[in-house]
Amino acid sequence: MSHETIESLLEEERRFPPTAAFAAQATVRDPAIYEQGEDIEAFWESHAKSFTWFSAWSKVLDWQPPFAKWFVGGTTNITVNCLDRHVEGDKADKTAFIWEGEPGDERIITYADLLRDVCRCANGLRALGVRKGDRVTIYMGMIPELAVAMLACARIGAAHSIVFGGFSPDALKERINDSDSRVVITADGAWRRAGVVPLKANVDAALAETPRVKTCVVVERVGRAKAGVEMVEGRDIWWHELVADQPETCDPEHMDSEDLLFILYTSGTTGKPKGIAHTTGGYMVGAAMTHKWVFDVKDDDIYWCTADIGWVTGHSYIVYGPLANGSTGVMYEGGPDYPDKDRFWDIVERRKVTIFYTAPTAIRAFMGWGDEFVTKHDLASLRLLGSVGEPINPEAWMWYHEIIGGGRCPIVDTWWQTETGSIMVSALPGLTTNKPGSASRALPGIHVDVVDEEGQSVPLGSGGFLVIKKPWPSMLRTIYGDDERYKDVYWSKFDGLYFAGDGCKRDSEGYLWLLGRVDDIMLVSGHNISTMEVESALVDHPDVAESAVVGRTHEIKGQAITAFVTMRAGTENTDEKRTEIRKHVATKLGPLGRPEEVYFAPQLPKTRSGKIMRRLLRDIAEGRDLGDVTTLADPSVVDSLRAQYQRHHT
Ligand code: ATP
Ligand code: MG
């Protein structure tokens, strides 16, 4: 990127204020909350007081940039806040999770059930020798035992490191060794589109090169015969045998507010994953409060976050935030298109889901599949929708709003990262007038800015780098075992500002529009152009379902925009269509935004969390060898795109 700020080409005039009915019942109704959040210490302290602590803190914040400590000296256990206080209160019989397996089996788990299961697992882990301060790697599908295992670790003060169940043995091995885990918890397999993901076999392969691992605990999910599991004598133990005779209560470890709660490796869109370290007290307060404000959760809501617990969204908004708030959550094991492409809407209808939180990658897939899978279901129970993971293109936002939300549900577009621990930028659904494609503004108590290359605030109406100006409770404390890398990645670009790595525009009213990763920004004829805006203009074409653009070297312009587009079902991929699509973008954005070339891509390369990996498309467009592909969901996608690209260029 040059020293210039990012130019903005996209104009979005549509406005959606909350309905009077929604605003009247919203948890956050008073805009004064933003002013209260100016004094971060007083603000976050007042919220921390609503949690159960064994002993109070002596200092709210100890800030030795870039190292923060929150609620210094306070002790607590997050599982007491997520479980015991509800069971001891009036929620013992309230449903914590409505779990649905891919084959259609279900489990209804109350808060009392969950506390009991967590305690038995925690006692089992203690019996295996796991102690406060240890790390445990968890590699599972979306089954209740995944939540139980992480909470059991937290109960006894061991940090969990969850590795998404779609990762390869190699990626798993690297994460086990980096976190120095001695125990791995897994399942025999996981259901995925009626097939079995061989989790235990993957663990076996990984454990060939993890000398420190002494024990592997295995949940029986798909059945030993189906999964073809081989238990290694002296190392492997079945979960049900481990917990069978364990007591149903377990004293929670007294955790210092700054004790490590978990390590989570980032999804790896840009390269080598980083072990993000989160601690106890601040993370708890940040995850729970943001869940309450942003999702407006009430006691009778049925809340469904479709993320996998293996990502930070699942940590904060399936497990810790919702449980701390005593809410009822849906948890689903399988794919969105099994047995058919309406599985999600079938679940929403049957379970009467009221709050639904998903990712743009899923929304664009649903759009591409066609409205009929949605409209055959009654989605009247929905009252609030959320989005996370990538910028949401205005057209995808509109589709989400109209087709899923029936035009009545506010949408919270939530910007945050593994590193931030909880949502940083989002609408408050009872207060904010939505603009499709804008995440709106920083939450109360969170202070962000958009700056230029020198770290100076850019004027309203301009683009630049998104930064966070003040520490916040759920911020990462470091990169596990690597303070230098922590300083270097997040704190070295601008003095005293947290560098998020994302481009952002602030419009004339102060709304924030995320423009994608700064590494992806294109420099065309001296203008910095955001991938997000060109992609939004492409998706605005009625036949285009999804798109990714990259800048490739161009003799005259410096860079030229190359677009890869996935068309909606039933369209023809002709040269006329390419021309039409290029014209469409030029009409929306002006000639500067027009792609030099358009390639039809049946699929785009994505991480296992569904994010587009533009750096690989750049490698293709530049004719280079592909960079690190270990976090890619489906390597065959890039191979076929590259073949197509080369055919056109030879
Ligand atoms: P890595 O850091 O290893 O490259 P990653 O950034 O994809 O991986 P995550 O922490 O899961 O890992 O993702 C955070 C990033 O996702 C943000 O920095 C941003 O680029 C993008 N993102 C998340 N939510 C939004 C949103 N609502 N709008 C725009 N971008 C978003
Ligand atoms: Mg990142």
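Rank the residues 615, 135 as a footprinting-exposure proxy: fewest other Cβ atoms within 10 Å of their Cβ go first. Write down the numbers at each step before the final one.
Numbers: 615 18, 135 23.
Lowest to highest Cβ neighbour count: 615, 135.
Run the numbers on segment 525-648 and let me know its relative contact order in percent, using alpha-carbon pairs under 8 Å that are six or more apart.
Working: 187 pairs, mean separation 27.0, N = 124.
Normalised by residue count, the contact order of segment 525-648 is 22 percent.
Give the cysteines in the chain for which no other Cys Cβ lies under 4.7 Å away, or write none if there are none.
Flagged as lacking a Cys partner: 82, 121, 153, 216, 305, 409, 504.
Taking only C-alpha pairs under 8 Å that are 6+ residues apart, what is the relative contact order of the chain in percent?
Details: 1454 pairs, mean separation 96.1, N = 650.
Across the chain, relative contact order equals 15 percent.
Based on alpha-carbon atoms only, what is the radius of gyration of segment 525-648 relative to the globular estimate 2.2 N^0.38 Å?
Details: Rg = 13.8 Å, N = 124, 2.2 N^0.38 = 13.7 Å.
With N residues counted in segment 525-648, Rg over 2.2 N^0.38 Å equals 1.00.
Specify the inter-centroid distance of segment 36-79 and segment 229-300, based on alpha-carbon positions, in whole Å.
Cα centroid of segment 36-79 versus Cα centroid of segment 229-300: 20 Å apart.
Would you mind working out the magnitude of the charge dipole of the chain relative to its Cα centre, with +1 at each Lys and Arg C-beta and -1 at each Asp and Glu C-beta, to the nearest 20 Debye?
Working: 71 positive and 94 negative charges, 68 e Å.
Roughly 320 debye for the chain.
Can you give the helix-only mean residue ellipticity at 222 nm for the chain, where every DSSP H stretch with n ≥ 4 adds -39500 (n - 2.57) and the sum goes over all residues, rounded to the nearest 500 deg cm²/dmol?
Taken over the chain, the calculation gives -7500 deg cm²/dmol.
Alpha carbon centre of segment 577-621 versus segment 458-483: separation in Å?
Here the two parts' Cα centres lie 29 Å apart.
Of 96, 569, 227, which is farthest along the charge dipole of the chain in the positive direction, counting Lys and Arg as +1 and Asp and Glu as -1 at C-beta?
Farthest along the dipole direction, towards plus: 227.
Net charge within 11 Å of residue 512 by Cβ-Cβ distance, Lys/Arg positive one each and Asp/Glu negative one each, not counting residue 512 itself?
-1
With point charges of +1 on the Cβ of Lys and Arg and -1 on the Cβ of Asp and Glu, referenced to the Cα centre of segment 42-129, which listed residue (58, 47, 109) lies farthest in the positive direction of the dipole?
58
As a test of the definition: which semi-axes, in Å, follow for the chain when you take the square root of five times each eigenvalue of its alpha carbon gyration tensor? Largest first, please.
38, 29, 25
Let's see if you can work this out: charge +1 on each Lys and Arg Cβ, -1 on each Asp and Glu Cβ, no other charges. What is the dipole magnitude of segment 525-648 about its Cα centre, in debye to the nearest 20?
Numbers: 18 positive and 18 negative charges, 40 e Å.
Using only the charged Cβ atoms, the result is roughly 200 debye.
Ranking 70, 416 by Cβ neighbours within 10 Å, fewest first, what do you get?
By the 10 Å Cβ count, ascending, the order reads 416, 70.
Order these by the 10 Å Cβ neighbour count, fewest first: 583, 274, 611. Please report the intermediate quantities before stating the final value.
Details: 583 12, 274 24, 611 21.
Arranged by neighbour count, lowest to highest, 583, 274, 611 become 583, 611, 274.
Coordinate-derived values only; no laboratory data. Please read these numbers as outputs of a predicted model, since none were measured by experiment. Because the Cβ atoms are built from the backbone with ideal geometry, glycine has one as well, and the counts that use them run over all protein chains shown.
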